[in-house]
Amino acid sequence: MLASYDSRRSWYIGRASSDATYGRGSHTQFVRFATGGAGFCVSRAALMQAAKGLLHGQFESSCARLRLPDDVTLGHILWNSSRVRLTHVDEFHSHLEPLAALPRDSLAYQVSLSYFLQRHPPNTVDVEGLDREQDPTRFISLHCLLRGLRKCS
């Protein structure tokens, strides 16, 4: 998928989280950001532009100043300071969506997958393989499925 993007251009791709606004009174700003739980990709050119929007060149200081999590801060800097817009890509997946609903025949085409075990039932992809005690995240079983391995251990 990344091969279809020109690495010399500015781009920011991932799964869009819910749009956010932050600030106080008339200083409220809109930000569209990619959720870190699903992962995202940012080109070098976009990061070089974003670096200009950092507080003292420090990402952590910018997060603290804005009082926003890191994924939202990056989205804010890219959106508001650098004018780099998020391109939503459906194949990035967060632990916040129902992963078992993904069709098994689509799993090989996903960019990222996640899981959340502190829920009943756990939020994982639905694949056959090892029992849940051996493979609670289902990632080992998914690996075996994608590699065409008959026996997964």
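The values are calculated or read from the model by the stated rules, or taken from the named source; none is laboratory data. This one's a predicted model, so the numbers in the text were calculated from it and none came from an experiment. Please note: Cβ atoms are built from the backbone with ideal geometry, for glycine as well, and neighbour counts cover all protein chains shown. The protein model used for the area step is the full one, side chains on, heavy atoms only, and it has no ligands, DNA or RNA in it. Shrake-Rupley method; radii C 1.70, N 1.55, O 1.52, S 1.80 Å.
Helical runs assigned H by DSSP (4 residues or longer) give the chain a calculated mean residue ellipticity at 222 nm of -5500 deg cm²/dmol, each run adding -39500 (n - 2.57) before division by the residue total. Remark on the chain: CYS41, CYS63 stand apart, with no other cysteine beta carbon under 4.7 Å. In the set (1) 1.08; (2) 1.44; (3) 1.23, the label that goes with Cα Rg over 2.2 N^0.38 Å computed for this structure is (3). Running a GNM on the chain with Cα contacts under 10 Å, which residue among HIS95, HIS76, HIS143 ends up with the highest mean-square fluctuation? Answer for the Gaussian network model of the chain: HIS143.
Remark: relative contact order (region 63-128) = 26 percent; criterion is Cα-Cα distance under 8 angstrom and separation of 6 or more residues. Modelled spin labels at GLN29 and SER112, positioned 7 Å past Cα toward Cβ, are 2.2 nm from each other.
Computed over the chain with a Gaussian network model linking Cα atoms closer than 10 Å, the most mobile of GLU60, GLU133, GLU91 is GLU133. With all protein chains in place and a 1.4 Å probe, the accessible surface of the chain carries 51 percent carbon and sulfur.
Within the chain, DSSP assigns beta bridges of which about 70% are antiparallel (rounded to the nearest 5).
Relative contact order (percent) for region 10-153, with alpha-carbon contacts under 8 angstrom and 6 or more residues of separation?
On the way: 239 pairs, mean separation 30.9, N = 144.
Once normalised by length, the contact order is 21 percent.
Model label sites at HIS143 and ALA51, defined 7 Å from Cα along the beta-carbon direction, differ in position by 3.5 nm. The residues of region 2-88 expose on average 59 square angstrom of accessible surface per residue, using a 1.4 Å probe on protein heavy atoms. When the chain is treated as a GNM with alpha-carbon contacts under 10 Å, the residue of ALA50, ALA108, ALA38 showing the greatest mean-square fluctuation is ALA108.
Relative contact order of region 2-88: 37 percent, from C-alpha pairs under 8 Å at least 6 residues apart in sequence.
A simple charge model with +1 on the Cβ of Lys and Arg, -1 on the Cβ of Asp and Glu and nothing else charged puts the dipole of the chain at about 580 debye relative to its Cα centre.
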